[in-house]
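Peer 1: Let me begin by handing over the structure; questions about it come next.
What follows draws every value from the coordinates through simple rules; no lab data is involved. The model shown is predicted, which means the values in this text are computed figures rather than measured ones. Every residue, glycine as well, gets a Cβ built from its backbone with ideal geometry; the counts of neighbours run over all protein chains shown.
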Amino acid sequence: RRKLSPPPPRFGSDLFEEEEEEAEKEEGKTQDQSDRLESQPLPRDQGENPREEKEQMETEQHPTTSPKSQNVPIQLTITSPVHSIALNGEGEDAKIAQLASFIAALTQTQRIHKNTKETEDDFAVKTPLHTLGGEEGQKTRRLEPILLKGHVGDWRALREWRDLGFLKRKFGRRRVPVEIGSSYAGTDYSQQLMRLCDFIDACNKTEAEDGEAGRQKLYLAQHRLLDQIPQLSDDLETPDAVFAALEILHGQAEETREEKQEGISDEDESQKGFLEKEEEEEKNHGCSPDEVERNAWVGPAGTVSPLHVDPRENVFCQVVGSKYVRLYAPEESKSLYPYEGGFLTNTSQITQDISPGNDQVDEERFPKFGGAPYVEAVVSPGDCLFIPRGWWHFVKSLEPSFSVSFWFG
């Protein structure tokens, strides 16, 4: 979401690198001790699975329920649900059936739309559409959001992590860039390097415990935590939905290329050269379409990502806690009032909480917003939400939360 926003602080200082090396050494010692414990044989009356025995001991020593997660979960009324595909049963067959339904749904929702001259220069509208031509009235097609229930329910992360306390226990000395304030678009926004242990402690503080500081929102957002701490990658993998969507995108790209070529006559060499130049620019624009970028999102209940749009496809996976997501189609951009300049052109000026029960938007300032149709979902642990590029989305954590997004395309 901050592809167009100010970059986060750089972490290349010698001091930071030394601290990271020390933290890795400590984590290595802890892992060696853990491996030795697991390798020791246990008497039969102590159980047959050393890992389960060890997990039970850790659970007793370090309760996994944080203060906030003891609260009654927030109940939201979903009036316009995202298209959802359930995981019916367990095992590989159920996963394959769900994936087949996902592929079918992606194909069916490639609805045809019309471009107009009015929206041609609008980043938020032009970027998400797989355009078959740039002239007024030519056809474009796009994908739509889909919620895959339990799609990554077999991740070991769902069993091992349980809550945010595991980060503190295993990787507490690591330093991470933490956002401070209501949201990255707010006037109170700032960033600070914090140790994970301090960040988790701050997340668990309540307003009653810490007064004004307890209301200050901290958010580890859009951070490549899995690259910084590679051990975390052992507990999850790239969802099958990512590869399925990539195949469909490849097919769209090839179809678009063929249709463009068909529209150019053999005698029109200038147009052929333009098409070749356009394809070369697309290849060099940024990361490869096949490159999957993984970002972590960690924070307490109430953290918010304001209404914004991303330049890549996204499979958003929930590991700990749950989140509310509201999505608007690309053609609703004019009703969402994006910033017109600066770093926030991918973000709506409506930066407040618009979750159910809180969506009191200034109608005089944003008169079109209330009439814009949307879809919404609550993403629970094990769920994946496919967010096509160009779809505006607002995200709010309902509990202490850990999410992983997979950007691609």
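Peer 1: Provide the FRET efficiency to the nearest 0.05 for the Q216-K334 pair, computing r from the beta carbons and using R0 = 45 Å.
Peer 2: Between Q216 and K334 the formula returns 0.85.
Peer 1: A further question on this structure: Could you give the nm distance between label points at F343 and F243, where each point is 7 Å from its Cα heading toward the beta carbon?
Peer 2: Placing both labels 7 Å beyond Cα along the Cβ direction yields 3.7 nm.
Peer 1: Show me 91-98, 315-322, 240-247 ranked by packing, highest mean number of other Cβ atoms within 10 Å first.
Peer 2: For the peptides 91-98, 315-322, 240-247, the packing ranking is 315-322, 240-247, 91-98.
Peer 1: Once phi is turned into θ = phi - 60°, what whole-Hz ³J(HN,Hα) does the Karplus curve with 6.51, -1.76 and 1.60 give for every residue of segment 93-102, x standing for Gly and Pro?
Peer 2: After applying 6.51 cos²θ - 1.76 cosθ + 1.60, I find 4, 5, 5, 5, 5, 5, 5, 5, 5, 5 Hz.
Peer 1: Another one. Taking segment 328-402, which GluC sites (Glu not before Pro) meet the DSSP loop condition and have no more than 15 other C-beta atoms within 10 Å?
Peer 2: E340, E363, E364
Peer 1: Could you give the length gained by full extension between S84 and S101, i.e. 0.36 nm per residue of separation minus their alpha carbon distance, to one decimal place?
Peer 2: Here the segment from S84 to S101 would lengthen by 5.1 nm.
Peer 1: Something else about it: Can you pick out the pairs among K149/K396; K334/K396; K168/K323; K95/K205 whose Cα atoms lie more than 27 Å from each other?
Peer 2: With Cα atoms farther than 27 Å apart: K95/K205.
Peer 1: Let me ask something additional. Using 0.36 nm times the number of residues separating Y189 and K368, minus their current alpha carbon distance, what extension gain do you get?
Peer 2: 61.7 nm
Peer 1: What is the distance, in nm, between label points placed 7 Å from the Cα along the Cα-to-Cβ direction at E92 and at R224?
Peer 2: 3.3
Peer 1: Tell me, what HN-Hα J-couplings in whole Hz come from the Karplus equation 6.51 cos²θ - 1.76 cosθ + 1.60 at θ = phi - 60° for each residue of segment 180-185, using x for Gly and Pro?
Peer 2: Working through the residues one at a time gives 10, x, 5, 5, 5, 9 Hz.
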